[in-house]
Structure formats: structure tokens, C-alpha cells
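I have placed the structure first, in the form of C-alpha cells, so that the comments after it can refer back to it.
The values are calculated or read from the model by the stated rules, or taken from the named source; none is laboratory data. All values derive from a computational prediction rather than experimental measurement. Quick reminder, even Gly has a Cβ in these numbers, built from the backbone with ideal geometry, and neighbours come from all protein chains shown.
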Amino acid sequence: MTRLINRRDFTVGAAAGVLAATGYAPRARAQLAPLKIGVLLPRSGIQALIGQGCQRGFEVAAKMMAARGVPVELLNADTESKPEVARTQTERLVRDGAHVVCGAFDSGQTAAAAQVCEQHGVPMVINIGADPAITEQGYKFVFRNFPTSIMLGTGSLKWMGELFTATHTAPKTAVLMIINDTFGQGYQKGLNALLPKAGLPFKIVETISYDPQTRDLSVEVAKAKAAKAELHLAVTRLNDGILMIREMVKQRYAPMGVISPGAPGFYERQFITVLGKYAEYNFSINAWMDPKQPLTKELETAFYKQFPDQSFDLDIGFSFEAVMIAADAYKRAGSSKPDALVEALRATDLKERVMIGGPIHFDAKGQNPDTSMAVLQIRNAKPTVVLPAANAELAPIFPVPGWSQRS
């Protein structure tokens, strides 16, 4: 459990300008008691590395909010990468006095936690979790800043088209390898509905689903290779994403490019570190930090100061924004009572943010409809924004070099 104490004095000048712009400059009034945020994440099990990454985002966010006059106390819980454990751990966080629950990365675990929060009347701010059904239950205490899988699918198809336009390349066929968990099933359902209307130049000639906890994808990759498609679409988690690329290299299966449309894995530090040169040039289309926003730069500086050897990615960005949303609501409500926090959360309007998109706000279902996406390409061992052009750090390269030509 991490407890952070409010600091009355902090650097002025340029820093004060940023604090004022984000609305978190301390006021001359009674010090707020700490807001207790229950942080529910998969800290062990198959998704442990991603859960631990999200945790780092929460820890940096807590320090930054404390510096802005909103002290935060983190109550940490481990889902063990299992929905049933997520449920019992959310119950524990509620018993321990969490004013707000945040989490839980995985859609199945997040859905279980959301049910508990709704039953107990405790606000939940989802940092990551894309299953559309979570915000279709009529919940009054659940708020999500992260895009739904339908939003991810729509955005991914849009930006794939923009990628092909920007690189003057039009693949005619594609194969889809997709995980069969809650996220993957929801994503595939949305993709099947959206793809015929997207106006993309390719058709999917083979769909191959698999268990994300598998330790061998040789059969699935061989099947994908046999389809002889020009484009490889991969909806993965982290570990299976690594297995997939390794097997593609081993089997000398080299399509025009590999694109992860709206899924985790390809942008993760471990993906890049483990695969080395074979991670280079792979694409991920996802919600991402805006590299040109002042608040993004402030967060990145604070993150690397605390975690110099870790990856600054969307897990950090969305975890930070979850804490920022809760802290902003608490500050405006002036109370940690559930009804007051929920009323303030419904009125959220945060224009200064880290992720690409419009101001953070929530519709009647508790969903933020205005988080946008970016095309990322691994370049020089770093997830790099290549589209939209207004946010880009480099121009995209597609088709990509063959496996043996990468360095």
C-alpha cells in the first residue's frame, strides 16, 4: 500500500504554469484527506508483466496528484489474471475502505470488478478494459476512459486505410490470428460487423483463433502461412505475441507487414526486448500518448525519473489518467462519499490530458467516446507514432523489410 502526503510548496515559474493549466494547483484551504484508490491489477499470472506496468503508472500518478494538492492513497490488489479472483479482491478493496476502484486491464477481470462496485455503490474508473458489454449494463457507478473494442476496431480499420494511403500500398488479402478470450471474442464480433463497411483494399481469407495462454503456435502460424495472404493481422496479448513473431521468423513467413489492430502486446517493452531486431517495423494501431502535449512530457519525465529502466507506454498513460480523473472528481466534489464522487465523475471535463483525443468526459453509459488512436511502428526499439501526421514522430514504412534484413 502506498500513501502519499500533500506537499504545500512546489516549484513555481514554468512548472506553476503547467499546474494551473491542468487545474491542480493547490488552494489556500483545508488540506484534503487522502483519496483511497483501490488498484486492481493482474500482478501475477499470465498477464503479470502488463499489470506490473500499469502499477507503475498508478504510482507516478499518485505522486503527481499529491503535488497538485490532491493526496492519494493506493490500496493494491492482485487479480492473479483470473476473473473470479478479481471479484473477491474487489470485495476486499471495498471492505478496506476504497473510495474509488481502478483497474483491471483484462476485460473479464474488469467486468467482474464492475459488478461488485455497482452492487456496493463504489465508483469504478476503468483504466484499461475494452469489452463493450461493461458499459452496456446500465451501471451508475462505472466509468471508462479506455475505448471499447468496437471503438478500437473502428479506429484500427480507419487508420489502416490511412497507412495504406500514406505509403501508396494496397494489400489485397489478409489473415487474422486472434486470441479467444473475452477481449478477442468481442473484438472479432465487432470486426466482422465493421470490416465490410470500411472500404479497405483487402479481404480476410483465413481467421485463426487460439488460447492466449498457449505455449506453441507452430500449427497456427503454419496455417496462416499456407493462406499466402499479403497482410498479417494479429490480435494478441504479450506472451503469445512474442511466440507468434518467433514462429513466423522460424517458418520464414514474411508478409508485407504485421499489424496489431487495437490489441496489447506489440508496443510492450518485453516484446521489443525479447524479440530484438524482429520487433522492428511491426505495427500496432492503438490509443496512445500524444508526444506533443505538455502534460505527456511532464508525465514522461516523472516516469523515467522514478522508473528509468521501464517502458513508457499506453499502460502508463491510461493508468495515470484514471488517477487524474478520480482526483479531479474528488477535488470538485470536496467529498469522498460515493454519491458526491459519482456526481462529479459524470460532470468530468478534462481538456488537458496525456492520451490522443478530445477532452475527457463521459456519456450517459459512463463511456468516454472521444479517445482517439494512433499508428505505431517499432523503430529503433521504440513504439513510434507514425500517424496521424499531426502527432507523428517519423513517417511510416510499409511494406516492411524481410526478417533477415532487419537490424
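One residue is enough: does segment 92-100 have a residue meeting the conditions touching a helix residue (DSSP H, G or I) at 6+ places or on another chain (Cβ under 9 Å), in the same structural domain as GLY334 (by TED's automatic domain parsing) and within 24 Å of ASP370 (Cα to Cα)? Among the residues of segment 92-100, at least one is touching a helix residue (DSSP H, G or I) at 6+ places or on another chain (Cβ under 9 Å), in the same structural domain as GLY334 (by TED's automatic domain parsing) and within 24 Å of ASP370 (Cα to Cα), which makes the answer yes. Taking the condition among the acidic types (Asp, Glu) and either more than 23 Å from the chain's Cα centre (by Cα) or under 17 Å from ILE259 (Cβ atoms) (or both), does GLU136 pass? Here the answer is no, as GLU136 does not meet what is asked.
Among the residues of segment 53-76, write down those that are of a type outside the set (A, V, I, L, M, F, W, C), at pLDDT 95 or above and under 21 Å from PHE105 (Cα atoms). Those that are of a type outside the set (A, V, I, L, M, F, W, C), at pLDDT 95 or above and under 21 Å from PHE105 (Cα atoms): GLN55, ARG56, GLY57, GLU59, GLU73, ASN76. Any idea which residue in segment 285-338 is nearest to PHE362 (Cα to Cα), counting only those that are part of a helix (DSSP H, G or I) and without any contact (Cβ under 8 Å) to a residue 12 or more places away in the chain? Looking at residues that are part of a helix (DSSP H, G or I) and without any contact (Cβ under 8 Å) to a residue 12 or more places away in the chain, I get ALA333.
Only a single item in (1) of a type outside the set (S, T, N, Q); (2) closer than 19 Å to ILE316 by Cβ; (3) modelled with pLDDT under 95 is not met by MET355, and it is number (3). The set of residues in segment 385-407 being more than 24 Å from MET355 (Cα to Cα) and either basic (Lys, Arg) or loosely packed, with under 15 Cβ neighbours inside 10 Å (or both) consists of PRO401, GLY402, SER404, GLN405, ARG406, SER407. Note on segment 306-349: among residues that are among the basic types (Lys, Arg) and more than 18 Å from MET65 (Cα to Cα), the one that is surrounded by the fewest Cβ atoms within 10 Å (Cβ to Cβ) is LYS337. Being aliphatic (A, V, I, L, M), assigned to a helix (DSSP H, G or I) and either touching a helix residue (DSSP H, G or I) at 6+ places or on another chain (Cβ under 6 Å) or not assigned by TED's automatic domain parsing to the domain that holds ILE134 (or both) holds for only one residue in MET248, MET177, and it is MET248.
Do we have ILE360 as β-branched (Val, Ile, Thr), buried (at least 17 other Cβ atoms within 10 Å of the Cβ) and touching a helix residue (DSSP H, G or I) at 6+ places or on another chain (Cβ under 7 Å) here? So ILE360 passes the test. One residue stands out among those in segment 172-209 that are crowded, with 21+ Cβ neighbours inside 10 Å and touching a strand residue (DSSP E or B) at 6+ places or on another chain (Cβ under 7 Å): the one that is nearest to PHE398 (Cα to Cα), which is ALA174.
Reported count of residues in segment 360-404, each being polar (S, T, N, Q), part of a strand (DSSP E or B) and in contact with an Asp or Glu (Cβ under 6 Å, 6 or more places away or on another chain), is 1. Scanning segment 280-297 for residues that are among the aliphatic types (A, V, I, L, M) and surrounded by fewer than 23 Cβ atoms within 10 Å (Cβ to Cβ) gives a single hit, LEU295.
Residues that are more than 20 Å from the chain's Cα centre (by Cα) and assigned by TED's automatic domain parsing to the domain that holds ILE46 do not occur anywhere in segment 154-162.
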